[in-house]
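In what follows, a single structure is set out as structure tokens and then discussed.
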Amino acid sequence: MCGINGILSKSIKNIDSVHTDLSRMNSEIVHRGPDQDGFFVHNSKHFSVGMAMRRLSIIDLSTGKQPISNEDNSITIVFNGEIYNYQNLKKSLEQEGVVFHTTSDTEVILKLYEKYGIESFSMLDGMFAFSIYDNNIKKVYIARDFFGEKPLYYTEDGDKIIWASELKSIVSILDHTPKLSKTGLSLYFQLTYIPAPYTIYDSIQKLEANHYMEINAENFSIQTIAFNQAFSKDIASNISFKDAKKETHDLVVESVGSRSVADVPLGTFLSGGVDSSIVSWALANQSNNKIDTFSIGFDKKSFDESDKSRTVAKLINSNHHEFIISAEDLKDNVHSILLNFDEPFADSSSLPTYLVANKTRQHVKVALTGDGGDEVFGGYNKYYIGKLNTKYSSMVPEKVHNTLRSISEPFLTTKDDKRGLRFKVKRLLHAINYQGEFYYNIISLAYQPDELKLFLQDAVLDISSLDYYKNKVGKNPESLTDFRIIDKILSLEGDMLVKVDRTSMLTSLESRAPFLNKKLWNFTSQLPESYLMKGWDKKFLLKESFKQYFPENFLDKSKKGFGVPVGDWLREHLSKELKSYIEPGFLKAQKIFKPDEIIDLVQNHLSGKQDNTFRVWTFYCFQKWYKNIYQPNMEY
């Protein structure tokens, strides 16, 4: 696990100059790789290319130093991530006469590319972002994994192309602060995050998951191409549920095994939910010694579920570490956690995720997580709403719905961040859509498109910001499969995996997600949808495959998720800072918000007149980021 950086320049640069820029970029991501750094710089007749990395040593502690080059030094790689099938790939290459000099997965990627070229990228099972310079053909290849677990940003800046694991590295060597992206801004205020290929900056992009870039170093042409995964389609459409259960069981256990290979101590995040409980059980079942499990609870009981994790820990006989947190624990960390994302990011569960990662890192260097289980097996509550929308809109005329929504609004208004029944009914009514795009309303957690017009000034508003993804999906979402594909492209890549990567890497902890396995995704995507969601029973297949290992009905217990009472915190210890962000002078200087509307929204929340947690928290996170980047010394 590492962080990578790279620069390709049209002009021949002094090697020391390139090294200086790379060193500056590396210094921004020491947390991603505190163990080692490494550099590669090459001058050609018409260009200079440099690559660098920071390393967190997990596999091959003694000989895994990067960058790594082939025998004649014509091909060089820097790599961030883990390749879980590297041992099988290495064995196949050795049978064909390929010689290895290390036991690292990095060298396997290099030798695989040397033999098979870009076709090798789809052979990799893992989480990765890497760049390869091939001097034989004067090209740079930059690749990102199937789900987008590892980040990769890039920009064209004058006569340079720059790429990096984190935005801060790129910004650190620019001679200007990039301008805001209208599309990125509008996506953020709808979704609470910004998915690839956009960022908050107009001139910087994210490489999409399951894509690679081919850069011709001689003419600077760039192509971005999706991997051809060549998934097998041999799963019978009439596969029995019994056989699907067995295959699910075996694939999950196999995936946990492949993701537990490490030369350092390893444990699991255990929330007590279905996914983390199954991962923890599978790891414990394959381990000769007690495993370490880690969980957190909240002092606010309506958000605390630590009793569930204790049940599983006792069942699997783990060394369980439990941490109860309060607002006090976060006071000193909110600033560093939120700003480490380098762009606005309003998933409040990032706060406890960081704390559990930070505590976990004191005991182990690698943690397995349950991330991806909901997308792979159909486990989100929002999938219910997708089914409800179809039934509701076929029975209730649109005019009647609009009247019902208007009449019910005062009765569904809440004053406290409890997220109970009234909150859920209100969310449902706001998500209902008669034009076939209701699922995009469901995933717009902060501001609906019509609300954006109320709060954002026209000059910064992109009302069609989601069109790129709608065109990518190609049709209005109707089925569970459609919902899962949208989530893979948007919320998994842009939110869930960003949250886990940045918070864990901030503590120098490597997180691995066994459910994010291409074979699992391919398998479940070919099954009858009723296997994944039977009636209103979410994640049915997964639970049925593992229920025999847990107390009766344990896997059917509802789970709140990693929620945090930020709505209360905004009224309490964060209120002074929040109020500074609605100062008229600040808002006027920004030229982003409609001042009267945004001030009313915030004041209604602060006074307790109306709970606007999601929208105000999204505003707060943006303003914190904005002030840090554009106006760090301005006071009001």
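The values are calculated or read from the model by the stated rules, or taken from the named source; none is laboratory data. Keep in mind that this is a model prediction, so the values were computed, not measured. A quick note on method: Cβ atoms are made from the backbone with ideal geometry, for glycine too, and the neighbour counts reach across all protein chains shown. Keep in mind that these areas ignore ligands, DNA and RNA; they rest on the heavy atoms of the full protein, side chains included. Shrake-Rupley method; radii C 1.70, N 1.55, O 1.52, S 1.80 Å.
Tabulated results
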read-out	value
Whole-percent carbon and sulfur share, accessible surface of the chain, 1.4 Å	49 percent
Kirkwood hydrodynamic radius of the range 495-568, from inverse mean 1/r over distinct Cα pairs, in Å	15.4 Å
Sequence-distant lysines (8 or more away, or on other chains) whose Cα lies within less than 18 Å of LYS290	LYS314, LYS365
In nm, spacing of pseudo-spin labels at LYS45 and LEU388 (7 Å Cα→C-beta vector)	6.7 nm
Contour minus Cα-Cα distance for TYR116 and SER575 (0.36 nm per residue)	159.5 nm
The chain, relative contact order in percent, only Cα pairs under 8 angstrom and at least six apart counted	15 percent
Euclidean distance of C-alpha centroids, the range 98-144 and the range 518-549, integer Å	34 Å
Trypsin sites (Lys or Arg not before Pro) restricted to the range 249-319 and DSSP loop, no more than 13 other C-beta within 10 Å	LYS290
Links that overshoot a 31 Å alpha carbon limit, given the list LYS65/LYS206; LYS499/LYS594; LYS391/LYS475; LYS182/LYS359; LYS168/LYS579	LYS182/LYS359
Mean ellipticity per residue at 222 nm, deg cm²/dmol - from DSSP H runs of n ≥ 4 across the chain, formula -39500 (n - 2.57)	-12000 deg cm²/dmol
Protection proxy ranking of 158-164, 271-277 - average other beta-carbon atoms within 10 Å, highest first	271-277, 158-164
Fraction of the pair-distance distribution of the range 46-196 above 19 Å, Cα-Cα pairs, percent	59 percent
Segment LYS594-GLU214, length gained on full extension (0.36 nm per residue, minus Cα span)	132.6 nm
Cα pair distances in the range 324-400, grouped into 10 Å bins until the bin that holds the longest one, percent each	13, 28, 28, 17, 12, 2
Sites ASN73 and ASN553 - FRET efficiency at Förster radius 51 Å, r taken between beta-carbons, to 0.05	0.25
Sequence ranges 542-548, 526-532, ranked by mean other-Cβ count within 10 angstrom, highest first	542-548, 526-532
Between the range 587-625 and the range 147-166, the alpha-carbon center distance in angstrom	32 Å
Contour minus Cα-Cα distance for SER479 and ILE15 (0.36 nm per residue)	161.6 nm
Area accessible to solvent at MET533, 1.4 Å probe radius, in Å²	20 Å²
SER203/ASN381 FRET efficiency (R0 35 Å; Cβ-Cβ; nearest 0.05)	0.40
Largest-first ellipsoid semi-axes for the range 147-284, taking √(5λ) over the Cα gyration tensor eigenvalues, angstrom	38, 20, 17
Listed peptides 587-595, 75-83 by packing density, highest first (mean Cβ within 10 Å)	75-83, 587-595
Mean accessible surface per residue for the chain, computed with a 1.4 Å probe while every protein chain stays in place, in Å²	39 Å²
